[in-house]
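Down below is the structure, laid out as structure tokens.
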Ligand code: HPA
Ligand code: ZN
């Protein structure tokens, strides 16, 4: 219908996308075959049926297992190109994508293989669609800060190609305060900083991400709404929240899409954006996420324009590039 077309046609930036979470079962099968890896599934349907989770940890276990088929530079290239083609079809003109190097280096895949493959995919996206992209290196918070520091050292030759660092994986029990030194090192190197906080973790983790990690953008941030003072601060500081509605529904951050707080966030003056998180696992890409909340919360075109506009304002493009997109 009309609103569908409006959503797809709306130029937008994607600010919260784990490239490993864009691995579709079809590509998983193709890569398993190409790399001669046995996977415990006979069909794409069996893979999809195994995507049964109702919280972050259960999802993460499946997501890390899926990433095992990614072995070569070509695999990372093909993964990235598949995502960018899909994103471009949804009206994404700029994407700032997360990657989890530890998921790969811990399996013996060299950091350089991951980087070369992703950068080649980004170059293809630029050539095919005019889509621009930036990389955000995420540290896995279920591993310790020494491991994050070692990852940051492995990244040092590549820092010209990395826009920022992030913090993801199992939130509860792994607060931002455990990653102060590695985020300080990233800041010293001139990198941007983001962190997942307030997805399952309490508002106190959001405060730590702000005050101890010095984040430029907050990933998820849903639970900020439990603390009015924190909400007011985020609004005052024009902090961008990268909200992921289908993820929130699948991981039971919200019970029903009808309970999604996206319109409440906008009403509170928060700079909320809509993103897809792990689209191959959560049932949709960015336009599906816009559509899902638009339908569930009765968003109108003005709200959708605000959300898309926020995605450029919250991006790490420079001011001139942001203005060109508004
Ligand atoms: N939260 C934390 N870690 C993640 C996620 C998420 O939604 N997706 C991939 N890694
Ligand atoms: Zn995420």
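Rule-based calculations on the coordinates, nothing more; no lab input. This is a predicted model, so every value here is computed, not measured.
When you restrict to C-alpha pairs under 8 Å that are six or more residues apart and normalise by the size of the chain, the relative contact order lands at 20 percent. Across region 166-261, C-alpha contacts under 8 Å between residues 6 or more apart give a mean separation that, scaled by the residue count, equals a relative contact order of 23 percent. Using the Cα coordinates of region 164-240, the gyration tensor eigenvalues translate into equivalent-ellipsoid semi-axes of 19, 14, 9 Å, sorted from longest to shortest. Per residue, the convex hull spanned by the alpha carbons of the chain comes to 126 Å³. What whole-number distance in Å separates the alpha-carbon centres of region 247-269 and region 138-161? First find each Cα centre; the distance between them is then 32 Å.
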